[in-house]
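So the structure is just underneath, and the comments pick up after that.
The values are calculated or read from the model by the stated rules, or taken from the named source; none is laboratory data. Note that the coordinates shown come from a computational prediction; the quantities given were computed from them, not determined experimentally. Don't worry about glycine lacking a Cβ; one is built from the backbone with ideal geometry, like all the others, and counts go over all protein chains shown. SASA here: full protein model, heavy atoms, side chains in, ligands and nucleic acids out. Shrake-Rupley method; radii C 1.70, N 1.55, O 1.52, S 1.80 Å.
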Amino acid sequence: MDAEVVVVGAGVVGLACGAELASRGRSVLVIERHGAVGFETSSRNSEVIHAGIYYPKDSLKAVCCVEGRALLYRRCAEYRIGHRRTGKLIVATHEDEVEKLAGIAARALANGAGSIECLDAPAVARIEPGIRSRGAVWSPETGIVDAHGLMHSYQAELEERQGSVVLNTRVVSLTRQSFGWRVGTEASDGERFAIDCGLVVNSAGLSADAVAEMAGLDPDALGYRIRPCKGDYFSIAPAAGVAVNHLIYPVPPMDGGLGIHVTVDLGGRLRLGPDATYVDTIDYAVAGEKAEHFAAAARRYLPDIRAEHLAPEMSGIRPKLQGPGEPFRDFVVAETSAAGAPGMIHLIGIESPGLTASAALARRVADLCSSA
Ligand SMILES: Cc1cc2nc3c(=O)[nH]c(=O)nc-3n(C[C@H](O)[C@H](O)[C@H](O)COP(=O)(O)OP(=O)(O)OC[C@H]3O[C@@H](n4cnc5c(N)ncnc54)[C@H](O)[C@@H]3O)c2cc1C
């Protein structure tokens, strides 16, 4: 065999899986169709280290976020990855939202999101004088991280243990063999070759349903169909005079996102986003005419912001499992012997908080590989 395990996809989760498997003594190849790691969702997100506030108790999203956050802060210290424990305010701007704050705080505490406080409006003003609110939930454990630094740390750990990332190579077929799987690939110059391995980890993000289909699985029957949901970001010009030092989120709307929020990156630049729109095609262009909508959403808590302060910055696309208006769907981390594809572990629907949860997801994948 060419490797014990082939991981399809070198986003943050595929790389974390590669590093974890290599640290447990497995020989690993991570195959990526682009010419660099983390070219898709892993470099198109808010880079927030989530505390674990929003998700239903005991869901994989909640458990892996809390466990992954602790592992992530530890990793940042060990590998000197840029990060900052900024803290986050979830602000209520209407009376009916104030009632929701206690519920958000209770869920966060039940999930183990660290210390959480409900603040009244004067207390919020003491932390962030530029914000208008009627109260907020304060999460000191929330932070920001350099996502590329994180990915490079996983890649370095993988390579230190003789694993490899193979770039510019697309997985095009998966054929079951007596020893495991034959992974058919096509390089960007058109050359085709096959890799024989014992186990396959499907960490293909937005294409994870297509990769499952390559192995003969039915994504619709298994509930693996991805419903892409786009989020646009706008940068906030210094001329806006917005001075915030923490992450500012609204009380989450019911659109599948966390609400248009303000994040600050490690260089101190502020941006607004993401919104949430279900899409049929993968197109990362950001429509400048949305600026007024973004400004209006943010004016609820940043009263002076106007459309002319905003410039289209970037977008990301969430690999969601739930369609518009559908109830909560959890991360899927599953081995598919029962569905007729043994020796394959699938990571499906790894939307937020997948960056935060990456190391915890990788542990679960490595455990499944041990028992497969
Ligand atoms: C707008 C937005 C904001 C977010 N904000 C946050 C946040 O603040 N905090 C947080 O924790 N999470 C956040 N997330 C979630 C986080 O970004 C993702 O959960 C995480 O990046 C998923 O990583 P991944 O490795 O699973 O997927 P990806 O990064 O998409 O990687 C999958 C890789 O597989 C490759 N691939 C696919 N098919 C093939 C094939 N056939 N052959 C070879 N390679 C293939 C792709 O090219 C890609 O590189 C956000 C997501 C979005 C969209």
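Some observations on this one:
- Top-ranked residue in segment 226-251 [being within 15 Å of the ligand (Cβ to nearest atom) and assigned to a loop (DSSP other than H, G, I, E, B); ranked as least open to solvent (accessible area, probe 1.4 Å)]: ILE226
- Leading residue by the ranking (farthest from the ligand (Cβ to nearest atom)) among those in segment 207-224 that are crowded, with 18+ Cβ neighbours inside 10 Å and under 21 Å from ARG44 (Cβ atoms): ASP209
- Contact map, segment 256-278: residues that are farther than 13 Å from GLY316 by Cβ paired with residues that are in a loop (DSSP other than H, G, I, E, B) and acidic (Asp, Glu), Cβ distance under 7 Å, separation 6+ or inter-chain. Pairs shown: ILE260/ASP275; ASP265/GLU47; LEU266/ASP146.
- Residue check: ALA105 meets all listed conditions (1) open to solvent by less than 60 Å² (accessible area, probe 1.4 Å); (2) of a type in the set (A, V, I, L, M, F, W, C); (3) over 20 Å from PRO253 (Cα atoms) but one, namely (3).
- Near pairs, Cβ below 6 angstrom, 6+ apart or cross-chain, from segment 147-174 (closer than 28 Å to ARG192 by Cβ) to any residue that is polar (S, T, N, Q) and surrounded by fewer than 22 Cβ atoms within 10 Å (Cβ to Cβ): VAL165/GLN155; ASN168/SER188; THR169/THR185; VAL171/THR185
- Scanning segment 175-186 for residues that are in contact (Cβ under 8 Å) with a residue 12 or more places away in the chain and open to solvent by 20 Å² or more (accessible area, probe 1.4 Å) turns up ARG176, GLN177, PHE179, ARG182, GLU186.
- On inspection, GLU78 passes the criterion of being on the phi < 0 side of the Ramachandran plot, charged (D, E, K, R) and away from the ligand (no atom under 15 Å from the Cβ).
- Of the strands (runs of 3 or more DSSP E) contained entirely in segment 296-354, not one carries at least 1 residues that are open to solvent by less than 20 Å² (accessible area, probe 1.4 Å), in the same structural domain as ARG271 (by TED's automatic domain parsing) and modelled with pLDDT under 95.
- Reported count of residues in segment 252-262, each being modelled with pLDDT of 90 or more and open to solvent by 10 Å² or more (accessible area, probe 1.4 Å), is 1.
- GLY288 being on the phi > 0 side of the Ramachandran plot, away from the ligand (no atom under 14 Å from the Cβ) and open to solvent by 20 Å² or more (accessible area, probe 1.4 Å): no
- Elements of type strands (runs of 3 or more DSSP E) in segment 113-190, at least 3 residues being under 21 Å from GLU40 (Cβ atoms): 164-166, 169-176, 181-187
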